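Notes for the one structure printed next.
Taken together, the values in this text are just the output of simple stated rules run on the coordinates, not laboratory data. This is a predicted model, so every value here is computed, not measured. Cβ placement follows ideal geometry from the backbone for every residue including glycine, while neighbour counts extend to all protein chains displayed.
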Amino acid sequence: MDIRVKEEYVRQALKLHQESPVVDAHLDLAGEVLLRNLAGEHDVVKNHYLAHFRTAGINLVLSSIYVENGSLDRAWDNALDQIKALKEDVAGMKEVLLIQSKADLEKALEENKIGIMIYMEGLDCIGEDIDRLDILYEMGVRGAALTWSRANALATGCCKASEHRQIFGALTEAGIRAVKKMEELSMFLDVSHLNDEGFEQLCRIAEKSFIATHSGSRRIYDNYRNLTDEQMNALAAQGGIMGMNGCVYIAGSFEGNHLEMLCRHIEYEVEKIGAKHVGYGFDLCDSYDFAKAALSGKRPEKRYDCLLNHGQIPLLSAALLQRGMGLEDVRCLIGENFINFFKKSL
C-alpha cells in the first residue's frame, strides 16, 4: 500500500508550490509534440500540459530532444524537427517562455511564466562533428547528455532502465572534445544515461559542474540508471544536482508504492549529499508513449509513470513533509536548486 497523505500536508505543499520555484528537469516534450503533430494534433502543450503545469506551480521544464532508435539514420533531421515543432507549438502561448539566457529565466520567475529549456538527451545527431554544437546552441539548445542508453560516436550509455547489466566503454576522443566544447558554450552536461566508466572519466576531465537530470539512488533501487553513493558524492562535490526520476523501473515501485519509493530515494539522497543537491526530474513518459502508440494505431502495453501527470507533483512534496522533511529542504528540491544552478550556468 502506498502512502496516504493527509489533507493538511497537501494544502501546505500546494501553497509552497505556488510561492516557490518549481522545476521538472526532464520531460520528452518536444518529441511528443512532434508525434502528435504527425497524427494531426496541434496545441499540444496547451491541451495536454498547461493545466497540470499550473497546478504544480511549475516555472521551468527541461524539454529533451530524444531521437528514437528507429530514427538514428536521420538523427540530425529528426532532432531539428523536434526543436521546430516545440517552438511552433508554444509560439502563441503567453503563459510560456523559451529559456535561452539568465535574463529569460529571471523573467519567467518574475512574471510567473512557464519556462521551457531545450536540451539534447544524447548527441547521436552530431556524430563526431563537434561544430554542430554551435548550430544547436544558436537554435536555443542549452545542454546535452553525451548519449542515451546506447553507444554513439562520443560515449557509451548504461543499460536501459528495464535491464540490469553492466556496460563498459569510455568516452571517445570526440566525446572529450564535445565536453570541452559544451563547457566553452556554457551548455550544461547531463550524466543520467552515461555508463559508470564514462561517469568516472567525466569527473576527471570536467572543469564545470554537471547534473543528472533524471536519476535516483542505486542503493535504494539497484538499477544502472541510478547513481551509486560514490557517484552522488562526486556529483555534489562539483556543485551538481540530481533530479529524481518518476519511472517505475527506476524508482523500483513495482507494487504500486510509488510515493513511498520516491520519498525513500529522495530522503536517502538528502541524507547522503544534502538537500542542496537534490531536485525533481520525473521523466514522465506515459503521455509520450500514448502519442507514439496513437500514431502507430496501437495501444501502449502499460503505464510506467509513478505520477499520473505533473499536477500530482505537489502530492510527492506533501508526502515528504508528512514524513518529516523540513519545509526549507522541500523548497530547495522542488525547484530552487535547479534554478540556482541554471542562473549560474546560463
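Listed values, structure above:
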read-out: Placed amide H near Ala212: partners under 5 Å, 5+ positions off or other chain; value: Val191, Ile241, Met242, Gly243
read-out: Residue of Asp81, Asp190, Asp124 that the Gaussian network model of the chain assigns the largest fluctuation, springs spanning Cα pairs under 10 Å; value: Asp81
read-out: Extension gain, Glu184 back to Asp134 (0.36 nm per residue minus Cα-Cα distance, nm); value: 17.0 nm
read-out: For region 1-52 and region 284-346, distance of Cα centres in Å; value: 7
read-out: Distance in nm between pseudo-label sites at Asp43 and Ala151 (7 Å out along the Cβ direction from Cα); value: 4.8
read-out: Cα-based convex hull volume of region 261-346 per residue, rounded to whole Å³; value: 119
read-out: GNM top mover of Ser317, Ser162, Ser287 - the chain, alpha-carbon springs below 10 Å; value: Ser162
read-out: Coil-residue GluC sites (Glu not before Pro) of region 182-284, DSSP, other Cβ within 10 Å capped at 11; value: Glu207, Glu255
read-out: Pairwise Cα inverse-distance average, inverted: Kirkwood Rh of the chain (Å); value: 19.9
read-out: Residues whose placed amide H lies under 5 Å from that of Ile65, excluding near-sequence neighbours; value: Tyr119, Met120, Glu121
read-out: Spin-label pair Glu207/Arg4, simplified geometry with 7 Å Cα→Cβ offset, distance in nm; value: 5.7
read-out: Cross-link pairs beyond the 21 Å C-alpha cut-off, checked among Lys87/Lys344; Lys87/Lys160; Lys102/Lys272; Lys181/Lys344; Lys102/Lys208; value: Lys87/Lys344; Lys87/Lys160; Lys102/Lys272
read-out: The chain: most fluctuating residue of Ala108, Ala13, Ala206 per GNM, C-alpha cutoff 10 Å; value: Ala206
read-out: Antiparallel DSSP beta bridges within the chain, percent to nearest 5; value: 10
read-out: Loop-located GluC sites (Glu not before Pro) in region 1-92, at most 14 other Cβ atoms within 10 Å (DSSP); value: Glu68
